[in-house]
Amino acid sequence: MTFKTYDENTAAPQAADLLKKARDKYGFVPNLLGTMAEAPPLLKAYMTMAGIFDETSFSDTEKQVILLAVSLSNECTYCMAAHAAIAGMQNVPEDVIQALRDSKPIQDAKLEALRRLTQSITETRGYPSEAAVKNFLEAGYTQGQFLEVILGVGMKTLSNYTNHIAKTPLDEAFKPVEWAAKKAA
């Protein structure tokens, strides 16, 4: 199945305004959003959830840890590249970005607890291990933040699955940090 990538001039009216907002924010329409425009309610849901996720109590670094951890668990090549680029623009420490891209532990214990919980939620379809939950709470996070992680997992799953199905082409802006899943030997 081949999906078209729309922009604000070619999308249905329900999606065109959203794509214009994306262009105003990023300077271009990311292919993910242009692909989601095929189903304007999906595009609206994703962009709305992204805006709400931005309002969580997490720092920019913590938000990117969540989004990259979900994308890593789901092996989303598009999102791994896009969020590595965004994380770099948000001054997320390079060692944190690289650890996530390489599927290795993050040296910062609190961020590692966040990564492990996020991946446990994603990989178990919402049944995280007791150890991951315990470590997360002992690292200083709250029950409210536990629920905010679920928001991030839900939002990122929408984009990961869209990219899997649509085989969304990577934008030029993200090509310098292109990513491929490591295959088991």
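For segment 23-140, which helices (runs of 4 or more DSSP H) that fit wholly inside it have 3 or more residues that are under 14 Å from the mean Cα position of the chain (by Cα) and polar (S, T, N, Q)? Break it down into steps so the answer makes sense when it comes.
Working: elements: 31-36, 40-54, 60-73, 77-89, 94-101, 109-123, 130-138.
Where helices (runs of 4 or more DSSP H) fall fully within segment 23-140 and carry at least 3 residues being under 14 Å from the mean Cα position of the chain (by Cα) and polar (S, T, N, Q), they are 60-73, 109-123.
In segment 151-168, the residues that are closer than 13 Å to residue 66 by Cβ reach residues that are small (Gly, Ala, Ser) and buried (at least 23 other Cβ atoms within 10 Å of the Cβ) with C-beta atoms within less than 7 angstrom, at least six apart or across chains, in these pairs: 156/71; 160/71.
Scan segment 144-185 residue by residue and report those that are of a type in the set (Val, Ile, Thr) and part of a helix (DSSP H, G or I).
Looking only at segment 144-185, we keep the residues that are of a type in the set (Val, Ile, Thr), and these are 149-150, 153, 157, 162, 165, 168, 177.
Selection gives 149, 150, 153, 157, 162, 165, 177.
Residue count for segment 75-101, restricted to those that are touching a residue at least 40 places away in the same chain (Cβ under 8 Å), surrounded by fewer than 22 Cβ atoms within 10 Å (Cβ to Cβ) and not small (Gly, Ala, Ser): 3.
Read-outs throughout are calculated quantities, based only on the coordinates presented, and are distinct from any laboratory measurement. In this text the structure is predicted, and so the values were computed from the model without any measurement. Ideal geometry is used to build each Cβ from the backbone, glycine not excepted, and the neighbour counts take in all protein chains shown.
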